[in-house]
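Worksheet: one structure, shown below.
A short reminder: the numbers here are calculations on the coordinates, not readings from a lab. What you are looking at is a predicted structure, and each value in this text was computed from that prediction instead of being measured. No Cβ is skipped: glycine too gets one built from the backbone with ideal geometry, and neighbour counts run over all protein chains shown.
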Amino acid sequence: MAKKKLDKKNKEKTEPKQGTKLWGGRFSEATDRLTEELNASIGFDIRLLSHDIKGSVAHASGLERAGILTPKEREKIEKGLKSVEEDILSGRFVPTIADEDIHMAVEGRLTSKIGSLGGKLHTARSRNDQVALDTRLFLREETTKVIKLLKELQKTLCQVSEKNIDVIMPGYTHLQRAQPILFAHHMLAYQEMIKRDRERFTETLKRIDVMPLGSGALAGSPYNIDRRYVAKLLGFKKISTNSMDAVASRDVLLEFLSNSAILMINLSRLSEELVLWNSEEFGFIELSDAFTTGSSIMPQKKNPDIAELTRGKSGRVTGNLVTLLMVMKALPLAYNKDMQEDKEPLFDSVDTIKACLQILSPMLKKMKVKKKQMRKATEEGFLMATDAADYLVASGLPFRQAHEAIGKTVAFAAKNNKNLSDLSLKEWQGFSKYFKADILEVITPEASINSRTLTGGTAFKSVKSELSKAKQELRKKP
Ligand code: ARG
């Protein structure tokens, strides 16, 4: 090759111009356009901008402490990083797919602003530990928000229970009326589920709170970086202890996605009940206008879209978990580009669960609970049949025989279009000699409810006590 040509080539390699890849040293051909498109994650990881900047600022301090950067250089880099952030936020700099990802977009812009010093920032670091760091910073912030929203929802469920503490409704099994319960008991069942959801996210937060930076591409770093110092700057409790694990694992993300899927499945059940209860057929609640929408053709309609959408969105959140499980399956250690596919499902689940949680609390607070209709439904449909059987058991009859006798009583009442409370004492005694006048007191919804005083039962006393325990727990910080 002619000397002139060679000189030109070397110059290009040592001083990359704008538009050349940061990793371009080894390459002599331009990247194929479609490769560039498929390879780029900037379209979505731009969302990690503030975390990438924060991570790089801390990394620069780590480099200074290790003597790789002078204090002046560190300061210049830090200022440069902050102005890159502003450039992107204000739209002064719009990264393109040629920048590939957020890490290279920031570094490229930094170098174009502060010159070759920008190129020192990536010392002792790889995009592999950098992306792992950014994702953890992002997830730590978002998980903290989710935990707050879950607590909010628990509080709402307690408030709704307290406000309607005297409301009696049918409890269901197989979606058939089964036994009377307090509406508060039903709401507090969801409070328990959401409490466990919150516990799961809180537990995951501990595992998110581990700093991977300093793991390099996979094998660790030969530079004398004080990892604990950097971790402290970023507020991490722990540092990772195996560099390969730190760059190759996404199980903490899977945990978050799994928690999110379980949460959404719980919310889908609550939503389904709201849809049913809000229907004309049930008529147990009325959702406020603010959280329902109309039909473009049927003027009478008031649709429970928010509850329906929450129910529906449980599908995509579950899908996001499955997506990342499948991405990670059988991937050899350590980093593989497949793992770039972790972000979109993660972002989507974060956004979806937050959106649903934010809207559920005000919707529940504003729903009208129709006490009379619920009570009426409790009186119809033989809900106190088990109580009548228990009455016979108290008189000494084995439960199976009692069950049989009440089965016959119910069949008789149904045939004659009566409720159990319409039967005369004589009619009762036709099915068992053990029935006395007080049977009529036993088969009221109140008596049925208040007989279930074991811990966890629907007795007014038990529900009140569980409610006050829940409220007390919710007062605790955080
Ligand atoms: N955009 C990449 C991702 O999200 C960053 C890490 C790239 N690492 C690499 N060796 N190409 O996973």
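In this label model, Glu404 and Lys148 are separated by 6.3 nm, measuring between points 7 Å along each Cα→Cβ vector.
Under the criterion of Cα pairs below 8 Å and six or more residues apart, the relative contact order for the range 176-276 equals 32 percent. Contact order, relative form, for the range 273-385: 32 percent (alpha carbon pairs under 8 Å, 6 or more residues apart, mean separation divided by residue count).
A cut-off under 12 angstrom between Cβ atoms defines the neighbours of Glu73, and their net charge, with Lys, Arg +1 and Asp, Glu -1, is +2. If you wrap the Cα atoms of the chain in a convex hull and average its projected area over all directions, you get 32.1 nm². The alpha-carbon of Lys302 sits under 22 angstrom from the alpha-carbons of these lysines, leaving out residues fewer than 8 places away in its chain: Lys313, Lys365, Lys366, Lys368, Lys370, Lys371, Lys372. What's the angle, to the nearest 10 degrees (0 to 90), between helix 305-328's Cα axis and the longest principal axis of the chain? It works out to around 50 degrees. The loop-placed GluC sites (Glu not before Pro) in the range 276-307, going by DSSP, that have at most 15 neighbouring Cβ atoms within 10 Å of their Cβ come out as Glu280, Glu281. Measuring max minus min along each principal axis, the C-alpha atoms of the range 247-374 give extents of 62, 31, 21 Å (largest first). Sparse packing (at most 14 other Cβ atoms within 10 Å of the Cβ) combined with a DSSP loop state is found for the following GluC sites (Glu not before Pro) in the range 375-478: Glu380. Applying a DSSP loop filter and a limit of 15 other Cβ atoms within 10 Å to the chymotrypsin sites (Phe, Trp or Tyr not before Pro) in the range 158-267 leaves Tyr223. Centre-to-centre separation between the Cα atoms of the range 206-278 and those of the range 45-83: 22 Å.
A P(r) calculated from all alpha carbon pairs of the range 91-245, with 10 Å bins opening at zero, reads 9, 24, 22, 16, 12, 11, 5, 1 percent.
The relative contact order of the chain comes to 15 percent, based on Cα pairs under 8 Å that sit 6 or more residues apart. Per residue, the chain reaches -20000 deg cm²/dmol at 222 nm when only DSSP H runs of four or more residues are counted, each adding -39500 (n - 2.57). Here the spin labels are modelled as points 7 Å beyond Cα on the Cα-Cβ line, and at Lys329 and Ser395 they lie 6.1 nm apart.
Against the chain, whose longest principal axis comes from its Cα atoms, helix 102-114 is set at around 40 degrees. The three principal axes of the Cα atoms in the range 240-317 give end-to-end lengths of 62, 25, 18 Å, sorted in falling order. Distant-in-sequence amide contacts of Met211, defined by a placed amide H-H separation under 5 Å and a gap of 5 or more residues or a different chain, comprise Lys238, Ile239, Ser240.
Taking every Cα-Cα distance in the range 340-442 and sorting them into 10 Å bins starting at zero, the pair-distance distribution P(r) comes out as 13, 30, 15, 10, 14, 12, 5, 0 percent. Its Kirkwood hydrodynamic radius, worked out from the mean inverse distance over all distinct Cα pairs, puts the range 22-104 at 14.3 Å.
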